[in-house]
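The values are calculated or read from the model by the stated rules, or taken from the named source; none is laboratory data. For clarity, every value in this text was computed on a predicted model and none was experimentally measured. So basically every Cβ, Gly included, is an ideal-geometry build from the backbone, and we count neighbours across all protein chains shown.
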């Protein structure tokens, strides 16, 4: 099937006697010369195997059970090196653990723990470099949403995030990091759509920001990207902590205390 700008899709389907799909191939060629290719194999037990092949020689094989849950994924590079991830689920369908094994014999592993209501309360992750981290979640009894997240690494680093109700129409999130350029971020949310906050850097510098979610100009303004930066702070911290050396004291560095005056002044 041809499409615009040289777009071309090829599909081949093999069916069983009852007309159910047994095997399917999908290949797409794009106008810029690149292409994508994958195969689907349907088993009698309801499981599905998806095989993807990429132009750089990488292959990815993903296995789904009869309920559509991902239970295995193997990625093989052109040089033969590979990683294979498997998931084990509990009887209630929640993930019990995730293990990623590499061709050199090393592995990453995550174990999940839940409370009686089924909420995730703890993740214990161990990386192939020997560093481990425990993520602990707390939930608000009022609405059931996550109210606190603490991450503690075996090398002594940590981060803590809490959500606090300042009043009926104001909430505040405080995130403290023990490694990286950013030491603390405080964000205050108002029911009228305003968001104000303060970033405290490890060298003592501070930066205030404010935006209005209901303002189109604010949506387009660069300050709106601050919410995206908050996620980047977390991602950057996690990446640095996983690879950081063990602290000589064996204790985390002290992050600054929460600045609850972080701009509770609405402009």
Residue in the stretch 161-176 that is within 30 Å of residue 102 (Cα to Cα) and in contact (Cβ under 8 Å) with a residue 60 or more places away in the chain present: no
Out of 207, 229, 253, sole residue that is modelled with pLDDT of 85 or more and either part of a helix (DSSP H, G or I) or surrounded by fewer than 18 Cβ atoms within 10 Å (Cβ to Cβ) (or both): 207
Residue 197 being on the phi > 0 side of the Ramachandran plot and at pLDDT 85 or above: no
Residue match in the stretch 111-118 (condition: in a loop (DSSP other than H, G, I, E, B), touching a residue at least 24 places away in the same chain (Cβ under 8 Å) and closer than 24 Å to residue 86 by Cβ): yes
Search result, residues across the stretch 150-194 that are surrounded by 18 or more Cβ atoms within 10 Å (Cβ to Cβ) and at positive phi: 156, 180
Given (1) part of a loop (DSSP other than H, G, I, E, B); (2) modelled with pLDDT of 85 or more, index of the condition residue 179 fails: (2)
Residue within the stretch 128-135 that is closer than 30 Å to residue 208 by Cβ and either surrounded by fewer than 18 Cβ atoms within 10 Å (Cβ to Cβ) or touching a residue at least 12 places away in the same chain (Cβ under 8 Å) (or both) present: yes
Count of residues meeting criterion [buried (at least 16 other Cβ atoms within 10 Å of the Cβ) and either touching a helix residue (DSSP H, G or I) at 6+ places or on another chain (Cβ under 7 Å) or more than 13 Å from residue 69 (Cα to Cα) (or both)] in the stretch 86-97: 0
Qualifying positions in the stretch 150-166 - under 16 Å from residue 126 (Cβ atoms) and either part of a strand (DSSP E or B) or in contact with a strand residue (DSSP E or B) (Cβ under 8 Å, 6 or more places away or on another chain) (or both): 151, 152, 153, 154
Verdict on residue 71 being more than 23 Å from residue 151 (Cα to Cα) and touching a residue at least 12 places away in the same chain (Cβ under 8 Å): yes
Residue list for the stretch 72-98, filter: in contact with a strand residue (DSSP E or B) (Cβ under 7 Å, 6 or more places away or on another chain) and over 21 Å from residue 119 (Cα atoms): 72, 73, 74, 75, 76, 82, 83, 84, 85, 86
